[in-house]
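Data block below; observations after.
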Amino acid sequence: MIRLGAVLLALTALVPAAQAIDWPPAVRETFLLDREWTNPLPPGTAVRAGNLAEAADHLDPVLAKLIADGLVEVTVAAAASFAPHDAYIDATGTVSLGDAPGVLLGYRAGRPFAEALSADDSRAGEKLAWNIRHAYGGDGGTIEPMVWRYIDMASGKVERTIRMKAASLLFRHRLFDSAGPDILPNPSGIFRALYLRVAAPRDIAGTQLLVHRLSDDHARERSWMYHANQRRVRLLASGQTTDAFLGSDIMIEDFLGYNGRIVDMTWTYRGRRDLLLPFFVDETAGAGVGFAGKGGCFPAVTWQVRPADILEAVPKDRRHPLSKRVFYVDAQTATIALGHIYDRAGTLWKLGIAAFAHPDHHHLQNAGTGAPILTAVAMIDLQARHCTTISASSRVDGRLSPRQFTVNSLRAHGR
């Protein structure tokens, strides 16, 4: 398959020239989908209850059930390559797992484990978790506007709309920084920082969230909330990351598909299947996408049949509100596209969907980055028949100031 995104960002000039690597075939297939590809479903096919059997082999079981019940239809598009940036592929080196979970040895940049995973490997799930942690999305980025809608699925009534600005920044393992791969000084050992600020509605405008994910996976992440009505910053207890965020169907632990420590879960690799995933190519995607299906709870995008790795995560802490998560991970990008969330009793609770646009068919700023562009999110509470949808206007930008991701900045922007 021909690679897309031949035009590179000017920032590429900041990366030292790397010698091209003669990848083994399995690694080339992982990054480039470099194999003879036969599309199993004709592009343009609308998968609905009446023709579900034709696509059953390429649907995850939860989505298949929702289609069978008439809650959503999925339109198929031709597969397209979402290969990461060349610099990310060339930076991939040899790393290994530590003797204990949550330890990655020898990592610099790129994908930690590029060789094909095997269900016979007892630690394959942990390896995939590290691949997700270090999936390529650029050195940073912003989402503005970011619109959250809380929806009653039965009636389609939008109960609440929240407008936000979001930003993220890698502090370590950067690819396009002339100062080097790490932002220094970094005494806290931050790996990635996430920031959210509410712009509307008025009753919570100015509320902010700051999350520091640390390089040491055994160290507790740190999260702070600035409460606009109280005008104070509060450090969140670790258990609060599994509370409903601002009354939505989403937890802080759900951010980025899984915003938690690798060491906190028992990871099991469940193999690979060619599945319909919400990766799409659409020249109008930069203007945003809508939602469709029951209640308007499903991203209105086309889906591609893509190799997907299936990963199960079971919390080690019995007090955790979930019994397990099941992730469907796009094999080319190591990005979580679908997630099943099970309550403590082991019953399916929520379905998470994250839709990604091709960077060369989005905002001009994203062209050539090789980063899948988050465009829409749906977290669907299947038990309560409720959903939270997110429309995201995302841009890759690694030149953000690290000062923006500090507690002092929360206070300064909260005045």
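What are the residues in the range 89-122 that are out of contact with any helix residue (DSSP H, G or I) (no Cβ under 7 Å at 6 or more places or on another chain), of a type in the set (D, E, K, R) and farther than 20 Å from Asp309 by Cα, if any?
Hits for the range 89-122 are Asp90, Asp99.
Taking the residues in the range 114-168 that are within 20 Å of the chain's Cα centre (by Cα) and among the polar types (S, T, N, Q) as candidates, determine which candidate is farthest from Ser96 (Cα to Cα).
Thr142
Got a sec? Which of Ile162, Ile190 is in contact with a Phe, Trp or Tyr (Cβ under 6 Å, 6 or more places away or on another chain), under 19 Å from Val377 (Cβ atoms) and surrounded by 18 or more Cβ atoms within 10 Å (Cβ to Cβ)?
Matching residue, one of Ile162, Ile190: Ile162.
I'm trying to understand the selection: among the residues of the range 172-189, which are closer than 14 Å to Ala219 by Cβ and within 19 Å of the chain's Cα centre (by Cα)?
Answer for the range 172-189, where residues must be closer than 14 Å to Ala219 by Cβ and within 19 Å of the chain's Cα centre (by Cα): just Arg172.
Pull up the range 262-293, narrow it to residues that are part of a loop (DSSP other than H, G, I, E, B) and under 20 Å from Thr333 (Cα atoms), then point me to the one that is nearest to the chain's Cα centre (by Cα).
Checked the range 262-293; the qualifying residue nearest to the chain's Cα centre (by Cα) is Pro278.
In the range 158-181, what residues are free of Cβ contacts under 8 Å to residues at least 12 places away in the same chain and of a type outside the set (A, V, I, L, M, F, W, C)?
Matches in the range 158-181: Glu159, Gly180.
Since Ala300 meets every condition but one in (1) surrounded by 18 or more Cβ atoms within 10 Å (Cβ to Cβ); (2) of a type in the set (A, V, I, L, M); (3) at pLDDT 95 or above, which condition does it not meet?
Looking at each condition in turn, Ala300 falls short on (1).
The rows are residues; the columns are (1) of a type in the set (Gly, Ala, Ser); (2) touching a Leu at 6+ places or on another chain (Cβ under 7 Å); (3) at pLDDT 95 or above; (4) not in a helix (DSSP H, G or I).
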residue	(1), (2), (3), (4)
Met1	no, yes, no, yes
Gln19	no, no, no, yes
Arg28	no, no, no, no
Gly70	yes, no, yes, yes
Ser81	yes, yes, no, yes
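Scanning the range 30-51 for residues that are under 22 Å from Arg272 (Cβ atoms) and hydrophobic (A, V, I, L, M, F, W, C), which turns out modelled with the highest pLDDT?
Val47
Report yes if some residue within the range 291-314 is of a type in the set (Ser, Thr, Tyr) and under 21 Å from Asp381 (Cβ atoms); otherwise report no.
No: zero hits.
State all residues of the range 165-185 that are surrounded by fewer than 14 Cβ atoms within 10 Å (Cβ to Cβ) and either at pLDDT 95 or above or not in a loop (DSSP other than H, G, I, E, B) (or both); if no residue qualifies, say none.
Leu184, Pro185
Quick grid of which residues meet (1) farther than 25 Å from Asp397 by Cβ; (2) under 17 Å from the mean Cα position of the chain (by Cα):
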position	(1), (2)
Tyr195	no, yes
Val198	no, no
Thr207	no, no
Asp217	yes, no
Asn229	yes, no
Leu236	yes, no
Ile250	no, yes
Pro299	no, yes
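The values are calculated or read from the model by the stated rules, or taken from the named source; none is laboratory data. Since we're looking at a predicted model, the values are computed, not measured. Counting neighbours? That spans all protein chains shown, and the Cβs are built from the backbone with ideal geometry, glycine included.
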